[in-house]
1. Can you give me the Cα centroid spacing of the stretch 19-66 and the stretch 93-123 in angstrom?
2. For the chain, which whole-number percentage of the solvent-accessible area (1.4 Å probe, protein heavy atoms only) is attributable to carbon and sulfur atoms?
3. Using a Gaussian network for the chain with springs between C-alpha atoms less than 10 Å apart, which of these wobbles most: 44, 182, 210?
4. Suppose the chain between residue 179 and residue 222 were pulled fully straight at 0.36 nm per residue; how much longer would it get relative to their current alpha carbon spacing?
5. With +1 on each Lys and Arg Cβ and -1 on each Asp and Glu Cβ, how big is the dipole of the chain about its Cα centre, in debye rounded to the nearest 20?
6. Tell me whether the stretch 1-160 comes out rounded, prolate or oblate; compute the Cα gyration tensor, take square roots of the eigenvalues as a ≥ b ≥ c, and use a/c under 1.5 as the rounded threshold.
7. For a quick check, take a GNM of the chain with Cα springs below 10 Å and name the residue from 152, 93, 133 with the largest mean-square fluctuation.
8. What nm distance separates the two modelled labels at residue 120 and residue 28, each placed 7 Å from Cα along Cα→Cβ?
Amino acid sequence: NRGAGIWDPEKRRSVPEYVALAKLSGLSVSRWPGGCGAHAYNWKRTVGAVVDRQTQAFGLPEFLRWCGDTDSLPLITLPVYWGTPDDAADLVEYLNAPNDGSNPNGGRDWAALRAADGHAPPYDVVWFEFGNETYHGMHAGQLPRQRIVAEEYVERYRTTRTAMKAIDPRIRLGAVLQHDEKHWTASILEALRRDIDFGIDHTYLPVWGKDAGPEESRILLQAATACGA
């Protein structure tokens, strides 16, 4: 409900102190939803009247308000373990279609709902990621437990990208890669080739989980400064 602290649901606004900190830090991109919570994230539960989404007071409209307040580019992570290509196309319609009754994906008029949510003009969101670290599957407690192989991911990426671009050809969809998942990454790059808009790689810095003496401190410093990230 509070967007991990950046949103004030009572005043229905971004928290001013975090807006100021974001600008001070030079924030240029905001990603939502973050992390493995994106695996089965149903964005359709995050739009519409706030009274109808009591456990999601910080939803898609609020995230985009934050992006506007901080002058940051929205980067939206799509679920791979929930939904269909049509659901992804509906999202593009909600974000980018004109509110003129054209309803390009059929079914519910998502642009009209966006207008009802307080933003009649299109948001013109371009950047999307197809999943978050999809190669390791769902976590314990995330039901139903699922895991897909690279070949299935490739097929889902293709059909999802095609459906989204049919609504707005400007969109760009990133594919999940990972430097330490060589089979996964090689399979996706070989299969998609020029069909991939951009790649997503999450690079993790070294982690030290105990107290460090003089020698360990030297090794830790060397490891941290060798990352180049």
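The values are calculated or read from the model by the stated rules, or taken from the named source; none is laboratory data. For clarity, every value in this text was computed on a predicted model and none was experimentally measured. Cβ placement follows ideal geometry from the backbone for every residue including glycine, while neighbour counts extend to all protein chains displayed. Keep in mind that these areas ignore ligands, DNA and RNA; they rest on the heavy atoms of the full protein, side chains included. Shrake-Rupley method; radii C 1.70, N 1.55, O 1.52, S 1.80 Å.
1. 18 Å
2. 54 percent
3. Per the Cα network of the chain with a 10 Å cutoff, 210 tops the list.
4. Between residue 179 and residue 222, full extension yields an extra 13.4 nm.
5. With only Lys, Arg, Asp and Glu charged at Cβ, the dipole is about 180 debye.
6. Here the stretch 1-160 falls in the oblate category.
7. 152
8. Taking the two extended label points, one gets 3.4 nm.
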